[in-house]
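Derivation of every value follows stated rules applied to the coordinates shown; laboratory data play no part. Keep in mind the model is a prediction, meaning the values are calculated, not measured. With ideal geometry, Cβ positions are generated from the backbone for all residues, glycine too; neighbour counts draw on all protein chains shown.
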Amino acid sequence: MNKSNLIFLDTETTGKGPNDRLCQVAYSFNGEEFDALFKPPIPIQVEAMAISHITNKIVEDKEPFIGSEFQKKLLDILSKENILVAHNAQFDVDMLRKENIEVGSAIDTLKIAHYLDKEAKIPKHGLQYLRYFLDLDICDVVPHSALGDVRVLEKLFERLFQKMLVEFKEESAVIDEMLRISALPILMKRFSFGKYNGSMVADIAKTDAGYLRWLLNEKNKAKEQEGINDENWIHTLEYYLQN
């Protein structure tokens, strides 16, 4: 595998719940960009509109994604030996599955960024936060638009790729390691929310294990009741509570 096999993708959706669907898809493949809006089968939630600025009026005259030429082209690309690259990739993989597209292999730049941040120097790992924290040189980007996020994603991937290339030497070896990291839940190092925002998880495990037990229970409830699988935090909390 090499960089010619990578498809950089982002979706905008009606929300983040188990029943939500996509309303915009953008991707970049071999230097070409593709971007389109679609009418989802359920209304876009206000919370989602506030982030993407895509309203139900904007998409009311758009075609559905399923059955579109866009879907067919994306399906063809992903059915071959190509690799999806996305930030928090599982979200986009799950969303595409609802639209009858199965993703074989995926690289998650969120997990890679966490993995490479060995000393937890980066306070947050959201795509736009990393854009500015790492001072990525990007022009003509509208934040929280699918195509804008794809352009940031490509720059972020290249920064992470070059950092790993120093150790692994060959392009294919870097991609293989990225796939390995992306396939597993990662160990979160620092809280970026709640009453211990900014604190190291390992430190709180020693001083307030009860908080970790409570948070794990909340994460498991969200998984069971709402279909929200925060696998990285569940893995992290279980690890520290067992060790």
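Too long at a 26 Å Cα-Cα cut-off: which of Lys163/Lys195; Lys3/Lys72; Lys16/Lys189; Lys124/Lys163; Lys155/Lys219; Lys80/Lys219?
Values: Lys163/Lys195 33 Å; Lys3/Lys72 22 Å; Lys16/Lys189 24 Å; Lys124/Lys163 19 Å; Lys155/Lys219 32 Å; Lys80/Lys219 35 Å.
Distance filter (> 26 Å) returns Lys163/Lys195; Lys155/Lys219; Lys80/Lys219.
For Ser199, what residues show an amide H to amide H distance below 5 Å, using hydrogens built from the backbone and excluding near sequence neighbours?
Phe191
Would you order Leu216, Leu147, Leu130 from fewest to most other beta-carbon atoms within 10 Å of each residue's own beta-carbon?
Leu216, Leu147, Leu130
Using θ = phi - 60° and the Karplus curve 6.51 cos²θ - 1.76 cosθ + 1.60, what whole-Hz ³J(HN,Hα) does each residue of region 46-56 get, with Gly and Pro shown as x?
These are the phi-based 3J(HN,Hα) values: 4, 4, 6, 4, 5, 8, 8, 6, 9, 9, 4 Hz.
I'd like to know which of Phe70, Met1, Ala89 lies farthest towards the positive end of the charge dipole of the chain, counting +1 on Cβ of Lys and Arg and -1 on Cβ of Asp and Glu.
Ala89
So what is the relative contact order for the chain, in percent, with contacts set as C-alpha pairs under 8 Å and at least six apart?
Over the chain, the number comes to 18 percent.
When DSSP beta bridges are limited to those with both residues in region 3-182, what percentage is antiparallel, rounded to the nearest 5?
65 percent
Under a Cβ-only charge scheme (Lys and Arg +1, Asp and Glu -1), can you give me the dipole magnitude of the chain about the Cα centre, in debye to the nearest 20?
My answer is approximately 720 debye.
For the chain, what does the helix formula give at 222 nm: sum of -39500 (n - 2.57) over DSSP H segments with n ≥ 4, over the residue count, nearest 500 deg cm²/dmol?
That comes out to -14500 deg cm²/dmol.
Using θ = phi - 60° and the Karplus form 6.51 cos²θ - 1.76 cosθ + 1.60, what ³J(HN,Hα) does each residue of region 101-113 get, whole Hz, x for Gly and Pro?
So the J values, rounded to whole Hz, are 10, 9, 9, x, 10, 9, 10, 9, 5, 5, 5, 5, 4.
Apply the a/c threshold of 1.5 to the C-alpha gyration tensor of region 201-242 and tell me whether it is rounded, prolate or oblate.
In terms of gyration-tensor shape, prolate.
Highest mean first, what order results for 154-166, 108-120 on Cβ atoms within 10 Å?
Ranking the peptides 154-166, 108-120 by packing returns 108-120, 154-166.
As an exercise, identify the trypsin sites (Lys or Arg not before Pro) in region 195-228 lying in DSSP coil whose Cβ has no more than 14 other Cβ atoms within 10 Å.
Sparse-neighbourhood loop trypsin sites (Lys or Arg not before Pro): Lys195.
Mind listing the long-range amide H neighbours of Ile83? Cut-off is under 5 Å, sequence gap 5 or more, other chains count too, H placed in the peptide plane at 1.01 Å from N.
Distant-sequence amide H within range of Ile83: Leu6, Ile7.
Compute the distance in nm between two label points, each set 7 Å from the Cα along the Cα-to-Cβ direction, one at Asp140 and one at Ile66.
3.5 nm
Short version: ³J(HN,Hα) in whole Hz for each residue of region 203-212, in order, from phi by Karplus 6.51 cos²θ - 1.76 cosθ + 1.60 (θ = phi - 60°), x for Gly and Pro, what are they?
5, 5, 4, 7, 9, 8, 5, x, 5, 5
Going by a ≥ b ≥ c, the root eigenvalues of the Cα gyration tensor, does region 3-182 fall in the rounded group (a/c under 1.5), the prolate group (a/b larger than b/c) or the oblate group?
prolate
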